[in-house]
Amino acid sequence: MNAAARKPAGGGGGMGRAPALVLALVAAGAFLISYNFFAMLLRGGGASAAAGARDPVVAMPAWMREAAGREARRRPFHVALTATDAAYSRWQCRVMYYWYKRMQAQPGGEAMGGFTRVLHSGKPDGLMDEIPTFVVDPLPAGKDHGYVVLNRPWAFVQWLQKAKIEEEYILMAEPDHIFVKPLPNLANDNDPAAFPFFYITPSEHEKIIRKYYPKERGPVTDIDPIGNSPVIIKKTLLEKIAPTWMNVSIQMKEDEETDKKFGWVLEMYAYAVASALHGVQHILRKDFMIQPPFDTKLGNTFIIHFTYGCDYSLKGELTYGKIGEWRFDKRSFQNGPPPRNLTLPPPGVPESVVTLVKKVNEASANLPRWDDGI
């Protein structure tokens with residue numbers, strides 16, 4: 001029985017419950033007085049110590065915050081990066097791994113555990129010695145219907161079944177992610193953490209969603225506005241979700257109406273639906289990452305996702321949808337990496353875009369054989 005359906009034990013009206021309510025209030029008051037007193041003692045108690053201190057019921061004491069921080073550092077996550085062996089994927093993976101190592105080595109990077117590039121091309125490539133890699137098979141020929149991202153859930157199914165993963169948590173990441181600061185474990189036990197995408201809107205597509213998430217399973221609002229990446233999730237949960245995610249992805253791709261409506265974000269919807277089918281909902285973290293050029297400030301974010309092209313005039317004005325006089329778009333480098341020392345954006349371009357280009361430049365300057373496109 002859910003909380004809304006529960007009734008108080010026994011009958012009677014308000015008069016019968018009054019003594020119990022008074023006792024509860026007295027007990028709560030005694031608890032708060034005792035808590036404040038002992039917290040004051042722990043801080044070095046006394047009138048002078050209490051005078052300028054904030055109420056520990058409102059603000060968690062420093063020693064509690066430090067303990068929570070230590071606990072978070074004891075929960076490392078394994079970074080899993082799905083990729084192909086195409087040149088376009090390789091240079092992005094190299095930049096991503098470079099910044100993973102840089103952030104992992106900084107104070108606060110303790111939760112950033114092992115790293116695996118899950119290569120779903122079926123054979124080794126030239127990055128095996130540079131990036132820890134686990135090779136898995138692609139879907140059978142023709143099964144992805146030309147939608148290469150459909151291989152992602154199948155890659156996770158294989159990796160989870162065959163690889164030895166020491167960490168209890170997994171961060172699902174993509175090649176076009178750049179870490180800009182150390183990432184803590186944002187998940188909370190069985191509650192994974194995910195980034196909410198403004199363009200994933202299950203409630204606006206209920207007719208289609210109900211093909212995969214029937215009414216008896218619950219409201220469409222059970223389905224989070226997310227994709228599979230970035231997501232930090234317990235390995236045991238992902239092991240349950242991944243096969244369902246794979247099956248729902250294939251079903252969606254083979255359904256003409258769904259494929260037409262969801263397009264390139266189909267696999268993202270499939271992950272959100274698969275999670276809901278297993279009763280898993282995510283903590284939505286807008287600070288997980290930013291997406292230039294639409295997010296202009298770094299703020300407190302952890303990741304830059306450079307999925308969109310960044311086009312500007314020489315006056316620093318965004319010309320999205322029109323090739324700018326200055327531009328950075330990963331799709332311009334399908335057949336090999338961008339050149340070293342890319343020209344920085346003109347004055348007036350937001351810090352998110354400037355930071356992105358500087359991060360790519362630093363990585364390319366320090367990675368060997370960059371121009372070879374290995």
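The values are calculated or read from the model by the stated rules, or taken from the named source; none is laboratory data. Just so it is clear, the model here is predicted, and its values are computed rather than measured. No Cβ is skipped: glycine too gets one built from the backbone with ideal geometry, and neighbour counts run over all protein chains shown. SASA here: full protein model, heavy atoms, side chains in, ligands and nucleic acids out. Shrake-Rupley method; radii C 1.70, N 1.55, O 1.52, S 1.80 Å.
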*Under a 5 Å amide H to amide H cut-off, with H placed in plane at 1.01 Å, what residues pair with C310 once short-range neighbours are removed?*
F328, D329
*Estimated vicinal HN-Hα couplings, Hz - region 361-370 in sequence order (Karplus 6.51, -1.76, 1.60; Gly, Pro = x)*: 5, 5, 4, 5, 6, 10, 8, x, 6, 4
_Amide H within-cut-off set for T133, under 5 Å, with H built and near neighbours excluded_ = R117
*Using only alpha carbon pairs under 8 Å that are at least six residues apart, calculate the relative contact order of region 74-289 and give it in whole percent.*
24 percent
_Using DSSP to call loops (not H, G, I, E or B), can you name the trypsin sites (Lys or Arg not before Pro) in region 105-201 whose Cβ has at most 16 other Cβ atoms within 10 angstrom?_
K143, K164
*asked:* Classify region 74-289 from the C-alpha gyration tensor, please: rounded if a/c falls under 1.5, else prolate or oblate depending on whether a/b exceeds b/c.
replied: oblate
*Starting from the amide H of G114, placed 1.01 Å from N in the peptide plane, find each other amide H under 5 Å away whose residue is 5 or more places distant or on another chain.*
V79
_Using each residue's phi in region 311-321, evaluate 6.51 cos²θ - 1.76 cosθ + 1.60 at θ = phi - 60° and report the 3J(HN,Hα) Karplus result to the nearest Hz, with x for Gly and Pro._
10, 9, 7, 5, 8, x, 9, 5, 10, 4, x
*Regarding region 326-374, what are the three Cα extents along the principal axes, ordered largest first, in Å?*
34, 21, 14
*Enter the per residue convex hull volume of region 219-334, computed from alpha-carbon coordinates, in Å³ rounded to the nearest integer.*
150 Å³
_At most 13 other Cβ within 10 Å, DSSP loop - trypsin sites (Lys or Arg not before Pro), region 176-233_ = R210
*Do any trypsin sites (Lys or Arg not before Pro) in region 276-341 lie in a loop, going by DSSP, with at most 12 other beta-carbon atoms within 10 Å of their beta carbon, and if so which?*
K297, K315, K322
*At what distance in angstrom do the alpha carbon centres of region 259-282 and region 109-172 lie from each other?*
19 Å
*Given charges of +1 on the Cβ of Lys and Arg and -1 on the Cβ of Asp and Glu, with all other atoms neutral, how large is the dipole of region 74-289 about its Cα centre, in debye to the nearest 20?*
260 debye
*Hey, can you find the accessible area per residue of region 74-289 for me, probe 1.4 Å, expressed in square angstrom?*
40 Å²
*Return the sequence-ordered ³J(HN,Hα) values of region 260-273 in whole Hz as given by the Karplus equation 6.51 cos²θ - 1.76 cosθ + 1.60 applied to θ = phi - 60°, using x for Gly and Pro.*
5, 6, 8, x, 6, 9, 4, 5, 5, 4, 4, 5, 4, 5
*Scattering from the C-alpha atoms of region 282-364 alone, worked out with Debye: what is log10 I(q)/I(0) at q = 0.12, 0.19, 0.22 1/Å?*
-0.35, -0.84, -1.08
*How many angstrom lie between the C-alpha centres of region 299-374 and region 74-96?*
18 Å
